[in-house]
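The values are calculated or read from the model by the stated rules, or taken from the named source; none is laboratory data. Keep in mind that what you see is a predicted model, and the values were worked out from it rather than measured. Here the Cβ positions follow ideal geometry from the backbone for every residue, glycine too, while neighbour counts run over all protein chains shown. For accessibility, only protein heavy atoms count, side chains too; no ligands or nucleic acids. Shrake-Rupley method; radii C 1.70, N 1.55, O 1.52, S 1.80 Å.
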Amino acid sequence: MNSVNPIIQIRNVYKYFGPLKALDNVSLDVNFREKVVVIGPSGSGKSTLLRTINQLETIDRGQIVVDGQDINSPANDITKIRAEVGMVFQSFNLFRHKTVLQNLTLAPLKIRKISKDEAEETALKLLEKVDIKEKADSYPAQLSGGQQQRVAIARALAMNPKIMLFDEPTSALDPEMIGEVLDVMVTLALEGMTMVVVSHEMGFAREVADRIVFMDYGQIIETGTPQHFFENPEHARSQKFLEQIL
Amino acid sequence: MSEKPVTIEISDGAAIPRRKDKGLVSAWRLAFFSALVIFTCLLIFKREPYLRIIKFLPDGILVTFEVTIASISLASIIGLFTGLGRISRNRYINLIASTYVEVVRGIPLLVQLFYLYYALGRFVRIPDIAAAVIAMSVCYGAYMGEVFRAGIESIDRGQTEAALSLGFNRTQTMFYVILPQAWRTILPPVGNEFIALLKDTSLVSILAVSDLLRRGREFASESFFYFETYTMIAIIYLLITLLLSKFVGIMEERLGRYEQR
Ligand SMILES: Nc1ncnc2c1ncn2[C@@H]1O[C@H](COP(=O)(O)OP(=O)(O)OP(=O)(O)O)[C@@H](O)[C@H]1O
Ligand SMILES: [Mg+2]
């Protein structure tokens, strides 16, 4: 695969939950190192779209190609593809029976089969990066929400993924903790990570996004640079949404 | 996902003592020490016939232990696979596991014991104790399966999703992430199943297995000391059951320790 191709290609994807059309003919390309922020009202299909990229949600029609591999093709091993795609959840989802350090080393040890020393060394570096090294031996329940989310980001990074997906990573946090998580994400963006972020943090979107994707009713209504989107959105629905949140 | 069971069914096992029961007089202590005192007094002050009875019983106690431990082990293994089968996405595996549970739950244990014991005995010649163990395990495997299933389902979906998103397959997710956490939910009801199983092993005395109760019956019918013998048997079961429940309570605390909040 040459690097000119988009690293994520979403083509005419439909997803139904029973009669509900959660994704309605969605197409989106994300380039290597690009940062895309997905916004839209509640229930518009943002999470569903994000979760189809690593097949936490299967699709009913269409095609998704990640890093040159059609993720729905039986010839491709989805677990291998997932290992290259990190995901950060709204509710952190740290492994509660493992320490912070073990949360970071579990997947590299069992999936990448690297040595314990190497896994721990990498893990400690990552914990330093998200500024929480001193909690390496704590259990998730002993951490604040902001700390847990930073650990969750580090855990995903420990697999050295090519792409990072974030589903409202700051929505479950107390306001005073949002900043520390966004800081980590900004750093990651500056380092050139390919990121798809569902977020209501408009400041972050403005600062980091190469492109804003606005969704409503399971469709992508409008995409554009932050400047275009925030200053003169074309669609009435985008305008209405912006009026409501700004 | 909304019909997730919130609570886990508690069987008819003896109450497992909690750390909360700190006071000097807990139900467990009262029961245990009364039983112990009565037991000792009978042996000291009414040696005849109690000493004779007690000398007759150790073989039976041993058999009861053997049947219990073997059945618990086998039933736990069957239970784990049944629980996994019940949540399997494979329709056939799921159907087989669910049917097994439905059938076993719909037939009284005593009837199952008779049935399996004589059915097994008809096709293969295996020792009586082995037949009893298999019968107990098949029955309790189904109950334990439900406990395992409820325990696994009590773990938040987010844990599975996080594991999958890192690249674990479903089996790895189950063994590295879900089961180690489900243990804490599973342990109290499993402990109760163990205790219930221990008591239910008395049913095998109806078959040709010389467990505690059967030894007692043999003694009583020869000596005609019915009241005395069954008093002794009851006290012994009570003491063993209470000790087991204490043990389960301690295990539970040990395993529950990793997440301080
Ligand atoms: N597992 C599911 N089963 C049934 N319906 C679902 C499921 N997941 C999502 N939906 C529905 O699909 C639609 C899109 O949901 P989605 O979670 O993608 O929205 P969202 O844009 O992320 O919203 P929010 O901002 O509230 O997170 C909603 O109507 C939701 O109720
Ligand atoms: Mg969402």
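For the criterion of being more than 16 Å from ligand 1 (Cβ to nearest atom), part of a helix (DSSP H, G or I), of a type in the set (Asp, Glu) and within 18 Å of A:Thr105 (Cβ to Cβ), A:Glu207 fails. The set of residues from the range B:47-63 being touching a residue at least 40 places away in the same chain (Cβ under 8 Å), open to solvent by 90 Å² or more (accessible area, probe 1.4 Å) and out of contact with any Lys or Arg (no Cβ under 9 Å at 6 or more places or on another chain) comprises just one member, B:Arg52. Taking the numbered list (1) surrounded by fewer than 24 Cβ atoms within 10 Å (Cβ to Cβ); (2) away from chain A (no Cβ under 13 Å) in turn, B:Thr171 passes all entries but (2).
The set of residues in the range A:4-35 that are open to solvent by 30 Å² or more (accessible area, probe 1.4 Å) and free of Cβ contacts under 8 Å to residues at least 60 places away in the same chain comprises A:Val4, A:Gln9, A:Arg11, A:Asn12, A:Tyr14, A:Tyr16, A:Phe17, A:Gly18, A:Pro19, A:Leu20, A:Asp29. Residues of the range A:149-178 that are open to solvent by 30 Å² or more (accessible area, probe 1.4 Å) and of a type in the set (S, T, N, Q): A:Asn160, A:Ser171. Residues of the range A:204-225 include at least one that is more than 16 Å from the chain's Cα centre (by Cα), more than 21 Å from A:Gly45 (Cα to Cα) and among the charged types (D, E, K, R). On inspection, B:Val177 does not qualify as of a type in the set (A, V, I, L, M), part of a helix (DSSP H, G or I), more than 14 Å from every other protein chain (Cβ to nearest Cβ) and farther than 21 Å from B:Tyr117 by Cβ. Would you confirm, using the coordinates I've provided, whether A:Met195 is in a strand (DSSP E or B), modelled with pLDDT of 95 or more and more than 15 Å from ligand 2 (Cβ to nearest atom)? In short, yes.
Within the range A:136-147, the residues that satisfy the criterion of being farther than 19 Å from A:Ile178 by Cα, within 14 Å of another protein chain (Cβ to nearest Cβ) and of a type outside the set (Asp, Glu) are A:Ser138, A:Tyr139. Annotation for the range A:61-75: no member residue is within 12 Å of ligand 1 (Cβ to nearest atom) and either within 14 Å of chain B (Cβ to nearest Cβ) or in contact with a Lys or Arg (Cβ under 7 Å, 6 or more places away or on another chain) (or both). Within the range B:238-252, is there a residue that is within 28 Å of A:Leu106 (Cβ to Cβ) and assigned to a helix (DSSP H, G or I)? The answer is yes, given that some residue of the range B:238-252 is within 28 Å of A:Leu106 (Cβ to Cβ) and assigned to a helix (DSSP H, G or I).
Does A:Phe214 fit the bill of being within 20 Å of A:Val85 (Cβ to Cβ) and in a strand (DSSP E or B)? So A:Phe214 does not fit the description; no. Given the structure, is A:Thr48 modelled with pLDDT of 95 or more and open to solvent by less than 30 Å² (accessible area, probe 1.4 Å)? Spelling it out, A:Thr48 is indeed modelled with pLDDT of 95 or more and open to solvent by less than 30 Å² (accessible area, probe 1.4 Å). Scanning the range A:227-240 for residues that are crowded, with 18+ Cβ neighbours inside 10 Å and in contact with a helix residue (DSSP H, G or I) (Cβ under 9 Å, 6 or more places away or on another chain) turns up A:Phe229, A:Pro233, A:Ser238.
The residue that is nearest to A:Leu190 (Cα to Cα), counting only those in the range A:12-24 that are in a strand (DSSP E or B) and out of contact with any Leu (no Cβ under 9 Å at 6 or more places or on another chain), is A:Asn12. Residues of the range A:36-74 that are on the phi > 0 side of the Ramachandran plot and in contact (Cβ under 8 Å) with a residue 12 or more places away in the chain: A:Gly40, A:Gly45, A:Gln55, A:Gly62, A:Asp67, A:Gly68. Selection over the range B:128-159 of residues that are over 24 Å from B:Ile96 (Cα atoms) and in a helix (DSSP H, G or I) gives a count of 6.
Residue selection: B:Val209 satisfies the criterion of being open to solvent by less than 40 Å² (accessible area, probe 1.4 Å), within 25 Å of B:Met144 (Cβ to Cβ) and outside any helix (DSSP H, G or I). Here the range B:67-98 is the region considered, the condition is being open to solvent by 90 Å² or more (accessible area, probe 1.4 Å) and assigned to a helix (DSSP H, G or I), and the residue that is farthest from B:Arg215 (Cα to Cα) is B:Arg91.
Here is a yes/no grid of residues against (1) at the interface with chain A (Cβ under 10 Å from one of its Cβ atoms); (2) open to solvent by 10 Å² or more (accessible area, probe 1.4 Å):
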| position | (1), (2) |
| --- | --- |
| B:Asp156 | yes, yes |
| B:Ser165 | yes, no |
| B:Gln181 | yes, no |
| B:Gly191 | no, no |
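Kindly check whether there is at least one residue in the range A:87-98 that is farther than 18 Å from B:Thr160 by Cα, touching a residue at least 12 places away in the same chain (Cβ under 8 Å), away from ligand 1 (no atom under 16 Å from the Cβ) and open to solvent by less than 10 Å² (accessible area, probe 1.4 Å). No, the range A:87-98 contains no residue that is farther than 18 Å from B:Thr160 by Cα, touching a residue at least 12 places away in the same chain (Cβ under 8 Å), away from ligand 1 (no atom under 16 Å from the Cβ) and open to solvent by less than 10 Å² (accessible area, probe 1.4 Å). The selection criterion, being under 14 Å from the mean Cα position of the chain (by Cα), near ligand 1 (Cβ under 10 Å from one of its atoms) and basic (Lys, Arg), does not hold for A:Lys35. Of all the criteria given as (1) of a type in the set (A, V, I, L, M); (2) over 18 Å from B:Ile152 (Cα atoms); (3) modelled with pLDDT under 95, the one not satisfied by B:Ile87 is (2).
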